[in-house]
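What follows is a set of notes on a single structure, which appears directly below.
What follows is calculated from the coordinates using simple rules that are stated; it is not laboratory data. Computed from a prediction, not measured in an experiment: that's the story for all the values here. Note that each Cβ is placed from the backbone with ideal geometry, even for glycine, and that neighbours are counted across all protein chains shown.
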Ligand SMILES: [Zn+2]
Ligand SMILES: [Zn+2]
């Protein structure tokens, strides 16, 4: 399996001299399976440049899996040139919205309404199928299996596991480590604690033994104290869950917009020292970076 990071930034694109190395584009990962399938995880602003790189390969047959419909994970889609070219085929997968009962197609169509974007959806001349998925669903893409699990985020968000020819990748999308919202002396504390332990263990089981994990790690533990409930994990929590699941290669992603390259270098250095004996290789996902396994 081969992956290339096209967008590693969380929340909003952050171009500039301080983010040149780890990248300023929002979430987008290109995945190539061993049998030649093209899978794209999320359609943040990074998907624009990915689209340009794919032009020589057209006609394309490609599966796009959207973790959730927050802007930073879909905002690049209207700028993904291959969508406008006849002969290309796409299947776009994503979450339902349990509040509005809207589908993934509705969510993506909305951002192409005239008031937000000047080109009409009807001008997308490729063939596009939209598929709204549920949890624990398995989609076959060639010889690859892509399966879903709900993560902890303010909207429904999928973590996706891709397995092909004995290799596997898990991408969390956006995820905040589960925490008990009740205080210790509250009557509901114990029951809620059991629920979240269960949910946490489900994720650990789902990612157990995966070759590579790409995990939302937006905050340091100190920063997180001010960002509780915003839907993102800390570096420490991502490393702990990777260790618990027996994962060897961990890529930290969804870098905070305020995080400079130098800042991330320093954090990475400290993390590798702190966790040097746990058997998890810790990397920070960098735009343009590739992983082959
Ligand atoms: Zn995000
Ligand atoms: Zn989000």
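Data table
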{"quantity": "Rounded if a/c under 1.5, otherwise prolate or oblate - the range 44-135, Cα gyration tensor axes", "calculated": "prolate"}
{"quantity": "Rg/Rg_globular for the chain, with Rg_globular taken as 2.2 N^0.38 Å and Rg from C-alpha atoms", "calculated": "0.98"}
{"quantity": "Distance in nm between pseudo-label sites at residue 221 and residue 165 (7 Å out along the Cβ direction from Cα)", "calculated": "4.1 nm"}
{"quantity": "DSSP bridge orientation in the chain - percent antiparallel, rounded to nearest 5", "calculated": "50 percent"}
{"quantity": "Inter-label distance, nm, simple model (7 Å from Cα along the C-beta direction), residue 32/residue 106", "calculated": "3.8 nm"}
{"quantity": "Fully extended contour minus Cα-Cα distance, from residue 52 to residue 265, at 0.36 nm per residue", "calculated": "73.7 nm"}
{"quantity": "Most to least packed among 181-188, 64-71 [average Cβ atoms within 10 Å]", "calculated": "64-71, 181-188"}
{"quantity": "The chain: calculated mean residue ellipticity at 222 nm from DSSP helix runs of at least 4, using -39500 (n - 2.57)", "calculated": "-6500 deg cm²/dmol"}
{"quantity": "Ordering of 77-86, 275-284, 98-107 by packing [mean C-beta count within 10 Å, highest first]", "calculated": "77-86, 275-284, 98-107"}
{"quantity": "Sequence of 97, 72 once ranked by neighbouring C-beta atoms within 10 Å, starting from the fewest", "calculated": "97, 72"}
{"quantity": "Cα gyration tensor category, rounded, prolate or oblate, for the range 64-203 with a/c compared to 1.5", "calculated": "oblate"}
{"quantity": "Relative contact order for the range 2-292, counting Cα pairs under 8 Å that sit 6 or more residues apart, in percent", "calculated": "18 percent"}
{"quantity": "Considering only the range 156-233, percent of DSSP beta bridges that pair antiparallel, nearest 5", "calculated": "60 percent"}
{"quantity": "Inter-centroid distance (Cα atoms) of the range 1-71 relative to the range 86-146, Å", "calculated": "16 Å"}
